[in-house]
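Just below is one structure, and these are the notes that go with it.
The values are calculated or read from the model by the stated rules, or taken from the named source; none is laboratory data. All values reported here derive from a predicted model rather than from experimental measurement. Surface accessibility is based on the protein's heavy atoms, side chains included, excluding ligands, DNA and RNA. Shrake-Rupley method; radii C 1.70, N 1.55, O 1.52, S 1.80 Å.
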Amino acid sequence: MNSLTKLAASSAFALMLSLPAATPALAGGDEPIVVQSKPAMAEWREKTTRDLNRALSHRPSSARLRPNNGIVQVSFTLGEDGRADNIKLYKSGANWIAERLAKRAVRKLDTLDEVPVANRAKARFLASIIFADNAHIHDRLAAELKKSERTRLASADESREFITVGI
C-alpha cells in the first residue's frame, strides 16, 4: 500500500452527521431525518469508517495510474438492498482515478441501512475523501474541506441535508 492510499484510508472517512441531532433535516421537503441515538450514530460511523477504509486500501496490484492530491465528494442515497444507490460525483478537485476510487469505495458499503435515523429511505449521503501524498498535503486539504463544508452547511439550499462521510 503506497503512502497516498494509506493517508486516504486512514483519515478520509471519519464520519459525522452534518446537522445537529436536535435539528432535523427535511428530506424530500416534508419528512425530517432525525438521528435516533447519538451513541448509535457514533457506533455506526466507526463501523462504516472501517468498511470505507478497507475499500479504499484495496487497489488492484496491476493499477499503474495513481490518484493525485485532491478532495473528491460523492453523493448517494440508500438503495433497497441496503447499499449505496444513485452514486454521483458531487464535487471534485482530483483526477478521474481518484474519482473512480472514491465511487468504488462507496459502492462497496453494505451497512448503510443500519444508519440510525428515523427515515432511512429519505437519507442522502455525501462522502468526502481526501487523497494526499503526505501528511502536510493532507492537513492543507482537510482545512480546505472544512472551510467548504462550513459554507455548504450555512447555505439555504438542499445540499445541507446530507449525512456526511469524511472530514
Excluding ligands, DNA and RNA, the carbon-plus-sulfur percentage of the accessible area of the stretch 75-167 with a 1.4 Å probe reads 47 percent
The set of residues whose placed amide H lies less than 5 Å from the amide H of residue 109, leaving out same-chain residues fewer than 5 positions away, is 84
Calc'd 3J(HN,Hα), the stretch 86-96, phi into Karplus 6.51 cos²θ - 1.76 cosθ + 1.60 (θ = phi - 60°), Hz, glycine/Pro = x, comes to 6, 6, 9, 6, 8, 7, 8, x, 10, 7, 5
In whole Hz, the Karplus estimates of ³J(HN,Hα) for the stretch 72-77 (6.51, -1.76, 1.60; θ = phi - 60°; x where Gly or Pro) are 10, 10, 10, 9, 6, 10
For the table 122/146; 38/122; 47/103; 108/147; 91/146; 88/122, the rows whose alpha-carbon distance is greater than 22 Å are 122/146; 108/147
Given backbone amide H placed at 1.01 Å from N, residues whose amide H is under 5 Å from that of residue 94, ignoring those fewer than 5 places away on the same chain, are 71
Computed on Cα atoms only, the convex hull of the stretch 35-167 has an orientation-averaged projected area in nm² of 8.4 nm²
